[in-house]
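Colleague: This is the structure I want to talk about, given as structure tokens.
The values are calculated or read from the model by the stated rules, or taken from the named source; none is laboratory data. This one's a predicted model, so the numbers in the text were calculated from it and none came from an experiment. Virtual Cβ from ideal backbone geometry, glycine too; neighbours counted across all protein chains shown.
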Amino acid sequence: MDSAAAAQTANSTPVSGNAGLVGPADGMHSVDGTAAIHDAQAMAAAVGLTALEASILDFEREWWRFSGAKEQFIRERFDMTPAHYHQVLGALLDDARALAYDPILVKRLSRLRHARHQARTAQRSVG
């Protein structure tokens, strides 16, 4: 995707539908959060993420702040099953674009995924 198409995608589809989920630049935001949302859209476009991919990463960074079940929020916000959401998220963890967008989040989630994998492997070898 060229930069003009990326900018069009970022401008036509909000990276984050919730002002509370603004992306990795959320430390530099205006009172209403619009500057941070713009920064997140620009960052997503710059690294080549789609609006959906960036929104998933933003949500994964902030989901614990919201009341209610994560699975229900996934269904409502992304219009996908939790299983599909986690497949997309898993693919993003292996994607260099996601690492460029939010390296701290991607590395943390990758470590957690690796630890879960090792725990499952250890259980199989014992049982």
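Colleague: How about the stretch 70-112: which of its residues are among the basic types (Lys, Arg) and under 15 Å from residue 58 (Cα atoms)?
Modeller: Within the stretch 70-112, 70, 77, 97, 107, 108 qualify.
Colleague: Kindly establish whether residue 57 is in contact with a Gly (Cβ under 9 Å, 6 or more places away or on another chain), in a helix (DSSP H, G or I) and among the hydrophobic types (A, V, I, L, M, F, W, C).
Modeller: yes
Colleague: Would you confirm, using the coordinates I've provided, whether residue 122 is in a helix (DSSP H, G or I), surrounded by fewer than 13 Cβ atoms within 10 Å (Cβ to Cβ) and under 13 Å from the mean Cα position of the chain (by Cα)?
Modeller: Here the answer is no, as residue 122 does not meet what is asked.
Colleague: Continuing with this model, one more query. Restricting attention to the stretch 48-71, which residues are within 21 Å of residue 107 (Cα to Cα) and modelled with pLDDT under 90?
Modeller: 63, 64, 65
Colleague: Related question: Which of the residues that make up the stretch 79-94 are under 19 Å from residue 48 (Cβ atoms) and either in a helix (DSSP H, G or I) or touching a Phe, Trp or Tyr at 6+ places or on another chain (Cβ under 9 Å) (or both)?
Modeller: Within the stretch 79-94, 88, 89, 90, 91, 92, 93 qualify.
Colleague: Condition first: surrounded by fewer than 17 Cβ atoms within 10 Å (Cβ to Cβ) and under 19 Å from residue 45 (Cα atoms). Now tell me which residues in the stretch 70-94 satisfy that.
Modeller: 88, 91, 94
Colleague: Could you list, ordered by first residue, the pairs with Cβ atoms under 8 Å in which the first is in the stretch 86-110 and free of Cβ contacts under 8 Å to residues at least 24 places away in the same chain and the second is of a type in the set (A, V, I, L, M) and assigned to a helix (DSSP H, G or I), at least 6 apart or interchain?
Modeller: Note: pairs meeting the criteria are 93/106; 93/109; 99/106; 107/99; 110/93.
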